[in-house]
Amino acid sequence: MSAQTKFYNRFAVLYPLVDVFLKPQKNRFFKEINQLPDGNLLEIGVGNGSHFSAYKTHQITGIELSDAMLKLARKNAPSRISLHQMNGEHLEFADARFDYVVLSHVIAVADQPEKLLSECLRVLKPNGKLLILNHFTPNNILGKLDRLFNLFSGIFHLKSLFFMEDFETIRCFELEREIKLQPLSYFKILIYKKP
């Protein structure tokens, strides 16, 4: 069991507190997801699954690395959501299987985000969409705080300083939309299309 998995197994009991903090961003994110044409959707890193009721459309497959989180997610999952224990950096799905891949506050905690993006690209159908909700280091006061927090963010298995343009694989996608969320645009929704 990796150190990351152990951390999230222990963190599962505190995850509802994080949910409260992230709820406004997630509400906007799911509004965008639900406006997309019905399709086959993969969510990588479902956490405790407390957000599952926010999905109004789509055929949902969810994966989670932490067995403790997955156990909670299964309690929250309606029958239409298929759940699997799996690492997003090593997806066990066929190429071009999904219309949509969702990463909600996942990419900054991945051990190998480049590999994660590569797997997203592989399992997406042509013209499929990659939807990302995450923090991104802004060029304002929050950016300065990010740099300070980065000194010990590894304790939380989190990359505090985070810039999407640092990833080679993201250049294989076309950015369709960028939605800046308040406060101070620290959180963004990014919608990419696979050519």
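With K and R counted +1 and D and E -1, the other residues having a Cβ less than 12 Å from that of Gly39 yield a net charge of +1.
In this structure His90 has an accessible area near 100 Å², from a 1.4 Å probe over the protein heavy atoms.
Of the Cα atoms belonging to the range 74-133, the radius of gyration and Dmax stand at 12.0, 33 Å. For the range 55-96, the ratio of Cα radius of gyration to the globular rule of thumb 2.2 N^0.38 Å stands at 1.21. In terms of overall dimensions, the C-alpha atoms belonging to the range 13-107 reach 35, 29, 27 Å along their principal axes, ordered largest to smallest. In terms of the Cα gyration tensor, with a ≥ b ≥ c the square roots of its eigenvalues, is the range 25-76 rounded because a/c is under 1.5, prolate because a/b exceeds b/c, or oblate? It comes out prolate by the Cα gyration axes.
The values are calculated or read from the model by the stated rules, or taken from the named source; none is laboratory data. Quantities reported herein were computed from a predicted structural model and do not represent experimental measurements. Backbone-built Cβ (ideal geometry, glycine too); neighbour counts: all protein chains shown. Side chains included, ligands, DNA and RNA excluded: accessible areas come from the protein's heavy atoms. Shrake-Rupley method; radii C 1.70, N 1.55, O 1.52, S 1.80 Å.
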